Amino acid sequence: MRHLNLDQLRTTTETGGVLSVSIIADGGMFHIEAETRRGHAVLTKARGSDLRRFRDITKAMGLLRELGIREARVDTKNWHPEQAVTERVTRPDRALAMRQAHESAEIVEAAVTAWKSHEETGLHLTWNETRNWMKTWGKENEQAAPECHK
């Protein structure tokens, strides 16, 4: 059995190498198998040989439609929808990465806004003024932010 990632399945489909496709239930999830001119194949994740699995069969069908595959066999003999909840993989690492990306985008946006304001007004603080102010943070003699100047 061959392993095809999405790009490989797309290329195989576009070149007429896909003879038939099946959406196979396994527990509470589904995966895609194809009969190609070079033999039986399964759709895998982009990296590695792990099956690309779908909790929702309509997502699998939508992907096939996007690839131009209009007919597929559906095998539900091993479908156990009650297992879908227990098989769900959480991705806290992705959630954290998305949160950090969002925060980074906000920081970049604030920096761009500040730079545009500086270009328009000429107001600024020198590095020494900023550093001296920051050295007082959290101390008894914490100073207020210095005034911007030209």
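We did not get these values from a lab; they are worked out from the coordinates using the rules stated. Every value quoted in this text rests on a predicted model; they were computed, and no experiment measured them. Methodologically, a virtual Cβ is constructed for each residue, glycine included, from the backbone with ideal geometry; neighbour enumeration extends over all protein chains shown.
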Worksheet entry | Counting DSSP beta bridges with both ends in segment 1-138, the antiparallel % (nearest 5) | 70 percent
Discussion item. Full-extension gain between K45 and N5, please, as 0.36 nm times their residue separation minus the C-alpha to C-alpha distance.
Written reply: 13.8 nm
Item to complete: Provide Rg over Rh for segment 1-75; use the alpha carbon set for both Rg and the Kirkwood Rh (inverse mean inverse pair distance).
Response: 0.92
Worksheet item: Residue by residue through segment 98-108, which ³J(HN,Hα) values in whole Hz follow from phi under the Karplus form 6.51 cos²θ - 1.76 cosθ + 1.60 (θ = phi - 60°), with glycine and proline marked x?
Response: 5, 4, 5, 5, 5, 5, 4, 4, 5, 5, 4
Fill in: Set of lysines near K45 by C-alpha distance (under 27 Å), chain-local residues within fewer than 8 positions excluded
K59, K77
Worksheet item: Each residue of segment 54-61 in turn: what ³J(HN,Hα) in whole Hz from Karplus with 6.51, -1.76, 1.60 and θ = phi - 60°, glycine and Pro shown as x?
Response: 10, 6, 10, 4, 5, 5, 5, 5
Item to complete: With θ set to phi - 60°, apply the Karplus curve 6.51 cos²θ - 1.76 cosθ + 1.60 along segment 64-71 and write out the HN-Hα couplings as whole Hz, x wherever there is a Gly or Pro.
Response: 4, 4, 4, 7, x, 8, 9, 10
Worksheet, complete the sentence: Here, GluC sites (Glu not before Pro) of segment 9-76 satisfying both criteria (DSSP loop; at most 16 other Cβ within 10 Å) are E71
Worksheet item: Check G28: other-chain or 5+ apart residues with amide H under 5 Å from its amide H, H built from backbone geometry?
Response: H80, Q83, A84
Response to the item:
Matching label for the computed semi-axes √(5λ) of the Cα gyration tensor in Å, out of (1) 21, 18, 14; (2) 34, 16, 13; (3) 56, 20, 12, is (3)
Response to the item:
Treating only Lys and Arg (+1) and Asp and Glu (-1) as charged, each at its beta carbon, one finds that segment 2-89 has a dipole about its Cα centre, in Debye to the nearest 20, of 180 debye
Worksheet entry | GNM result for the chain, Cα springs below 10 Å: residue of K139, K45, K77 fluctuating most strongly | K139
